[in-house]
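Take a look at the structure set out below.
The values are calculated or read from the model by the stated rules, or taken from the named source; none is laboratory data. All values derive from a computational prediction rather than experimental measurement. Counting neighbours? That spans all protein chains shown, and the Cβs are built from the backbone with ideal geometry, glycine included. Note: accessible area is taken over every heavy atom of the protein model, side chains too, but ligands, DNA and RNA are not part of it. Shrake-Rupley method; radii C 1.70, N 1.55, O 1.52, S 1.80 Å.
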Amino acid sequence: MIWIVYACLSALFAALTSILAKIGLDGISSNVATAIRTVVILFMSWAMVFIAGSQHQVFTISAKNWWFLIASGLATGASWLCYFKALQLGEVSKVVAIDKFSLVLTIVLAAMFLSETLTVKSIIGCVLITAGTLIMVW
């Protein structure tokens with residue numbers, strides 16, 4: 001159940017990301033801010049690879065893995081660029097509410113492409129998150 005601790009820490013750091021980014025965006029382009037953030041993440045990620053001693057895995061990655069990881073990176077980059085622009089232009093609480101709607105989209109896409117099961121509980125959760133998102137925004 002250690003994954004729950006990591007998931008909670010992820011939520012905390014994501015919340016801090018939004019607040020710190022909104023303050024850091026003051027007076028600069030959202031694209032520049034995203035680029036700076038990305039460089040920091042790049043160094044931090046590679047530092048963790050070397051600290052964990054997993055750098056040898058880079059040479060064993062299949063072509064399929066490369067393509068999907070590259071596509072995921074492009075999706076992440078597009079997400080961050082849009083997110084930072086939205087933060088720059090909008091209220092953090094509304095931007096984050098819409099951004100977290102990605103949970104609903106992820107569940108639907110996982111059912112479509114990964115054959116994950118949609119349960120009554122997950123459908124009710126998606127409906128409630130969608131309602132909550134709409135309430136937060138309007």
Report Rg/Rh for the chain, rounded to two decimals, where Rg is the Cα radius of gyration and Rh the Kirkwood radius.
1.00
Gain upon complete extension [residue 110, residue 15; 0.36 nm per residue less C-alpha separation]
31.8 nm
Can you give the log10 of the normalised intensity I(q)/I(0) at q = 0.23 Å⁻¹, computed with Debye over equal Cα scatterers of the stretch 1-60?
-1.01
Quick one: net charge around residue 100, please, counting Lys, Arg +1 and Asp, Glu -1 for every other residue with C-beta under 15 Å from its C-beta.
-1
Order 42-48, 95-101 from most to least packed using the mean count of other Cβ atoms within 10 Å.
95-101, 42-48
Using θ = phi - 60° and the Karplus curve 6.51 cos²θ - 1.76 cosθ + 1.60, what whole-Hz ³J(HN,Hα) does each residue of the stretch 103-114 get, with Gly and Pro shown as x?
4, 5, 4, 5, 4, 5, 5, 5, 5, 6, 9, 10
Karplus-derived 3J(HN,Hα) from phi for the stretch 64-76 (6.51 cos²θ - 1.76 cosθ + 1.60, θ = phi - 60°), whole Hz, x at Gly and Pro, runs 4, 4, 4, 4, 6, 5, 5, 4, 4, x, 5, 5, 4
If I model a spin label as a point 7 Å beyond the Cα along the Cα-Cβ vector, how far apart are those points for residue 103 and residue 68 in nm?
2.5
What's the carbon and sulfur percent of the chain's accessible surface, probe 1.4 angstrom, rounded to a whole number?
77
In sequence order, calculated HN-Hα J values of the stretch 81-95 (Karplus, 6.51, -1.76, 1.60; Hz; x Gly/Pro)
4, 5, 4, 5, 5, 5, 4, 5, 9, x, 7, 4, 4, 6, 4
Which residue fluctuates most in the GNM of the chain (Cα springs below 10 Å): 34, 17, 106?
106
Toy charge model, Lys and Arg Cβ at +1, Asp and Glu Cβ at -1: the chain dipole around Cα centroid in debye, rounded to 20, equals 40
If you average the C-alpha positions of the stretch 101-138 and of the stretch 34-81 separately, how far apart do those two centres end up, in angstrom?
27
